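The values are calculated or read from the model by the stated rules, or taken from the named source; none is laboratory data. Keep in mind that this is a model prediction, so the values were computed, not measured. Note: ideal-geometry Cβ built from the backbone for every residue, glycine included; neighbour counts use all protein chains shown. Heads up: the accessible areas ignore ligands, DNA and RNA and are worked out on the full protein's heavy atoms, side chains in. Shrake-Rupley method; radii C 1.70, N 1.55, O 1.52, S 1.80 Å.
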Amino acid sequence: MTALGAALVFTTKSINQRFLDSMLGFAGGVMIAASYWSLLAPAIDMGESGSLPAWMPAAIGFLLGGIFLWAVDKILPHLHPNTSLEKAEGFHSAKRKKSSLLVFAITLHNIPEGLAIGVAFGAVAAGFPSASLAGAIALAIGIGIQNFPEGLAVSMPLRRDGFSRRKSFLYGQFSGMVEPVAAIIGALAVVFIEPLLPYALSFAAGAMIFVVVEEVIPSSQEKGNSDLASMSLMVGFTIMMILDVALG
């Protein structure tokens, strides 16, 4: 889906800013809904069978996920979509090219998304009663849908800056390659260390919420399309909620 979004660069040189902002808002809604319906709620259910209060593993994992992404955000050089090169963040970001900074930004998105999918399928493989294959598939579908604008958010700005269509596409789809790697890590961690599952689920949720609040929502509203982006977020949340409830 990331590659599919990036492939739009072959059909046009520019994408309407309102469309791009609405897609970013939609992605944020999907990520927020997935964080609760597919990750936090199951983590709390699993915590009820432990010796600690049911909310504690979810709370600890959620905060650790946010802290982890905050630390990565401070270290990894990256540039948020819709922002100028002067606003790049992370170590030595001023020495990096805009192309690599944009790829790093979307890569930052995909780490918690990949972890979330891996943990969800790992929970099914480990045989946890509150984990279902349909729910894990719903999460994968939802994350896949919101990967579409992420590829677009990299390839189109690079095309506008004079990159060839081929290079713009390659950079755009490359940003999604970290997701299956993170998914494998998440699945293996759960399968081999089953008591970590509630923490792992909520960790992925915390990481995703941090990305949404720190990057996705601000990027979707920086060009003055705040109402459109906000309503798109509502639509994305609703669709992900329906997917999870209907399939899970």
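Values for this structure:
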| item | result |
| --- | --- |
| Every residue from the stretch 151-195 that is under 25 Å from Val245 (Cα atoms) and of a type outside the set (A, V, I, L, M, F, W, C) | Glu179, Pro180, Gly186, Glu194 |
| Subset of the stretch 161-192 that is in contact (Cβ under 8 Å) with a residue 12 or more places away in the chain and of a type in the set (Phe, Trp, Tyr) - its residue that is most open to solvent (accessible area, probe 1.4 Å) | Phe174 |
| Selection within the stretch 1-40 - open to solvent by 10 Å² or more (accessible area, probe 1.4 Å) and within 26 Å of Ala59 (Cβ to Cβ) | Ile32, Tyr36, Trp37, Ser38, Leu40 |
| Selection from the stretch 146-180 of residues that are charged (D, E, K, R), part of a helix (DSSP H, G or I) and more than 17 Å from Ala27 (Cα to Cα) | Arg159, Arg160, Arg165, Arg166, Lys167 |
| Tally, over the stretch 118-136, of residues that are open to solvent by 30 Å² or more (accessible area, probe 1.4 Å) and at negative phi | 9 |
| Given (1) without any contact (Cβ under 8 Å) to a residue 40 or more places away in the chain; (2) over 19 Å from Pro157 (Cα atoms), index of the condition Thr11 fails | (2) |
| Check on Thr11, of a type outside the set (A, V, I, L, M) and in contact with a helix residue (DSSP H, G or I) (Cβ under 7 Å, 6 or more places away or on another chain) | no |
| Lone qualifier among Trp70, Trp55, Trp37 - being at pLDDT 85 or above and touching an Asp or Glu at 6+ places or on another chain (Cβ under 7 Å) | Trp37 |
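For every residue, the table says whether it meets (1) modelled with pLDDT of 80 or more; (2) touching a His at 6+ places or on another chain (Cβ under 9 Å); (3) within 22 Å of Val235 (Cβ to Cβ); (4) of a type outside the set (D, E, K, R).
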site: Ala131; (1), (2), (3), (4): no, no, no, yes
site: Gly144; (1), (2), (3), (4): yes, no, yes, yes
site: Pro157; (1), (2), (3), (4): no, no, no, yes
site: Tyr171; (1), (2), (3), (4): yes, no, no, yes
site: Ile185; (1), (2), (3), (4): yes, no, no, yes
site: Val191; (1), (2), (3), (4): no, no, no, yes
site: Tyr199; (1), (2), (3), (4): yes, no, no, yes
site: Met208; (1), (2), (3), (4): yes, yes, yes, yes
site: Val213; (1), (2), (3), (4): yes, no, yes, yes
